[in-house]
Amino acid sequence: MPYTITIDRSLCAGYGDCVGLAPDVFHQDGDHISVVIDPEGAADEAILDAARACPVDAITLVDEHGDQDWP
């Protein structure tokens, strides 16, 4: 099930943990802020792990039913 992935750019501190865990989903832009490049670029479990790894909880995951899975 694909997630709707939102990154709060005001919270993202550029740690890059999400990029390290799901590089086909997340990328850092020129300001070192994470962006979503392909929301279906990895298995849901890998995307959830990447969101959980964010030390500032800048990543929100919403499932196909509209339920917020993270944070």
Region 5-26, subset without any contact (Cβ under 8 Å) to a residue 40 or more places away in the chain and crowded, with 17+ Cβ neighbours inside 10 Å, residue nearest to Ala53 (Cα to Cα) = Asp17
Which residues, taken from region 56-71, are over 8 Å from the mean Cα position of the chain (by Cα) and either farther than 12 Å from Ser34 by Cβ or hydroxyl-bearing (Ser, Thr, Tyr) (or both)?
-> Asp57, Val62, Asp63, Glu64, His65, Gly66, Asp67, Gln68, Asp69, Trp70, Pro71
Ala22 being hydrophobic (A, V, I, L, M, F, W, C), farther than 12 Å from Thr4 by Cα and touching a Ser or Thr at 6+ places or on another chain (Cβ under 9 Å) = no
Examine region 28-36 for a residue that is among the charged types (D, E, K, R), touching a residue at least 24 places away in the same chain (Cβ under 8 Å) and outside any strand (DSSP E or B), and state whether such a residue exists.
-> no
Identify, from the list Pro2, Pro55, the residue that is in contact (Cβ under 8 Å) with a residue 40 or more places away in the chain, in a loop (DSSP other than H, G, I, E, B) and touching a Pro at 6+ places or on another chain (Cβ under 7 Å).
-> Pro2
Would a scan of region 40-52 turn up a residue that is assigned to a strand (DSSP E or B), touching a residue at least 24 places away in the same chain (Cβ under 8 Å) and β-branched (Val, Ile, Thr)?
-> no
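Each value in this text was obtained by applying a stated rule to the coordinates, not by laboratory testing. Keep in mind the model is a prediction, meaning the values are calculated, not measured. Neighbour counts are summed over all protein chains in view; Cβ atoms, including those assigned to glycine, are modelled from backbone coordinates with ideal geometry.
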